[in-house]
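The values are calculated or read from the model by the stated rules, or taken from the named source; none is laboratory data. Note that the structure is predicted; figures quoted are calculated from it, not measured. All Cβ positions, glycine included, derive from the backbone under ideal geometry; neighbour counts span all protein chains shown.
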Amino acid sequence: MLSAKSLFQEILDNDETFRLFCSVAASGEAQGGWENGRIAALVPESRRDLAPKIARHGADEDKHGRIFNALLRKRGLEPLEVPRETDYTMLLEARGIGLAHDKLRRDEPLTEHDLVLYLAHSRVTEQRAAAQMTMLRRCLGDHPDLGRAVRLIAEDEENHLAYCHEELLRLAAAGHGRAIQRALRESALVEMRVYRDVSLAVMARMGRVLGWSKAKSALLAAGIHALYGYERLGGWRRMVSLRMPERRNALGGPAKPASEAPELV
Ligand SMILES: [Fe+2]
Ligand SMILES: [Fe+2]
C-alpha cells in the first residue's frame, strides 16, 4: 500500500535519496534566508517597523537550512548541488515572483510596493511550506532522528504564515489592497505550476535511484497532476485569502535558537 509515510520512509532509508531530499530543502531555506536578510536591510524608512520581523524571518530560514545540512552531516553525507529543475526558490525568482535577486543585491532602498510583492510571495510560499511541514510532521513527527527537527521547522513555518497574513492585512488597510490582491493571485498561479514541475522532477530522480516500477512512478506523477488540477480549478483561492491570525506578532522578538534540536545546529 503506497502511503505518504511509507514513501518518506523509503526516501529516508536510502543515502542518495536522503541526500537529495535534505539538499533541496537546505538550499531553498538558505535562499529564503538570504532574500529575507537583504529585504530587511533595504526596508524603506516608512516601514522601518517591519525590518526586525523580516530579519527574524530570514534568521529562521537560515536556521532551517543549517538543520537540514546538520541532518546530512550526522549521516556522514555532504550536501549535493541542487539540480536546476528541482530548485523551487530559484525557479520562482526566474518566473518573476517575489523580488528579483539583482534588485536585492543593489544597495537601494525598496519601495512599499516592493514590500507588497515580497509579502504576497511569502504568503503563498509559506502556505506551501507550512502544508508540507504539517505533512512531514504527521509522517515523521515521532522519527528518532528527524522528529524534533521536523516539529521545530513546522512550528516556525506556521509562524511565518501568520506573520504574512497579519502584515498584508496591515498594508491593505493602508491602501495597498488592490496591489496585494493582484500580487497574491499572480504569485499563486505561478507557484502552483512551479511546485508541480519541481515535484515531478524530484519524484523522477527519487524513482530512478530507488528503482520504482513504471506503475508506481505513474501513480505518483498522477497524484502530483491531480493536486495541480485541484489548485488550478479553484484550490488556489485558499492561497490568496487573508485572515487575521490567532497568533499575532508571530515574528516579534528574536529568533528562537534551535534549542529543541541543539544537537543539529
Ligand atoms: Fe523554512
Ligand atoms: Fe518559512
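Of all the listed residues (ALA174, ALA162), the sole one being over 17 Å from ASP87 (Cα atoms), buried (at least 20 other Cβ atoms within 10 Å of the Cβ) and out of contact with any helix residue (DSSP H, G or I) (no Cβ under 7 Å at 6 or more places or on another chain) is ALA162. Among the conditions (1) farther than 23 Å from GLY211 by Cβ; (2) in contact (Cβ under 8 Å) with a residue 24 or more places away in the chain; (3) not in a loop (DSSP other than H, G, I, E, B), THR17 misses just one, which is (1). Limited to region 22-41, what total is found for residues that are away from ligand 2 (no atom under 12 Å from the Cβ) and buried (at least 20 other Cβ atoms within 10 Å of the Cβ)? Residues that pass the stated criteria total 6.
Filter region 152-195 for residues that are away from ligand 1 (no atom under 13 Å from the Cβ) and charged (D, E, K, R) and give the result. The answer is GLU166, GLU167, ARG170, ARG178, ARG182, ARG185, GLU186, GLU191, ARG193.
Tallying residues that are polar (S, T, N, Q) and away from ligand 2 (no atom under 11 Å from the Cβ) within region 115-142 yields 1.
For region 97-108, the set of residues classified as loosely packed, with under 13 Cβ neighbours inside 10 Å and more than 14 Å from GLY37 (Cβ to Cβ) consists of ASP102, ARG106, GLU108, listed by residue number.
Checking each residue in region 103-134 for being touching a residue at least 40 places away in the same chain (Cβ under 8 Å) and among the small types (Gly, Ala, Ser) picks out ALA120, SER122. With respect to the conditions (1) closer than 27 Å to ASP145 by Cβ; (2) within 13 Å of ligand 2 (Cβ to nearest atom); (3) not β-branched (Val, Ile, Thr), ARG56 falls short on a single one, namely (1). As a summary of the residue check, GLY98 satisfies the conditions (1) modelled with pLDDT under 95; (2) on the phi < 0 side of the Ramachandran plot except for the one numbered (2).
If we scan region 231-245, do we find a residue that is modelled with pLDDT of 95 or more, touching a Lys or Arg at 6+ places or on another chain (Cβ under 6 Å) and buried (at least 18 other Cβ atoms within 10 Å of the Cβ)? The answer is yes, given that some residue of region 231-245 is modelled with pLDDT of 95 or more, touching a Lys or Arg at 6+ places or on another chain (Cβ under 6 Å) and buried (at least 18 other Cβ atoms within 10 Å of the Cβ). Among the residues here, GLY253 qualifies as under 30 Å from ALA70 (Cβ atoms), modelled with pLDDT under 95 and loosely packed, with under 12 Cβ neighbours inside 10 Å.
If you check THR134, THR111, THR125, THR89 for being of a type in the set (Val, Ile, Thr), within 16 Å of ligand 1 (Cβ to nearest atom), at pLDDT 95 or above and surrounded by fewer than 20 Cβ atoms within 10 Å (Cβ to Cβ), only one passes: THR134.
Answer yes if at least one residue in region 48-64 is more than 16 Å from ligand 1 (Cβ to nearest atom), over 18 Å from LEU152 (Cβ atoms), surrounded by fewer than 15 Cβ atoms within 10 Å (Cβ to Cβ) and not hydrophobic (A, V, I, L, M, F, W, C), and no otherwise. Scanning region 48-64, I find at least one residue that is more than 16 Å from ligand 1 (Cβ to nearest atom), over 18 Å from LEU152 (Cβ atoms), surrounded by fewer than 15 Cβ atoms within 10 Å (Cβ to Cβ) and not hydrophobic (A, V, I, L, M, F, W, C), so the answer is yes. In region 178-191 there is at least one residue that is surrounded by 19 or more Cβ atoms within 10 Å (Cβ to Cβ), at pLDDT 95 or above and closer than 30 Å to GLU16 by Cα. In region 84-102, the residues that are touching a residue at least 24 places away in the same chain (Cβ under 8 Å) and under 15 Å from SER122 (Cα atoms) form Cβ pairs under 9 Å with partners that are crowded, with 20+ Cβ neighbours inside 10 Å and of a type in the set (Phe, Trp, Tyr), at six or more places apart or across chains, as follows: TYR88/TYR195; GLY98/TYR118; LEU99/TYR118.
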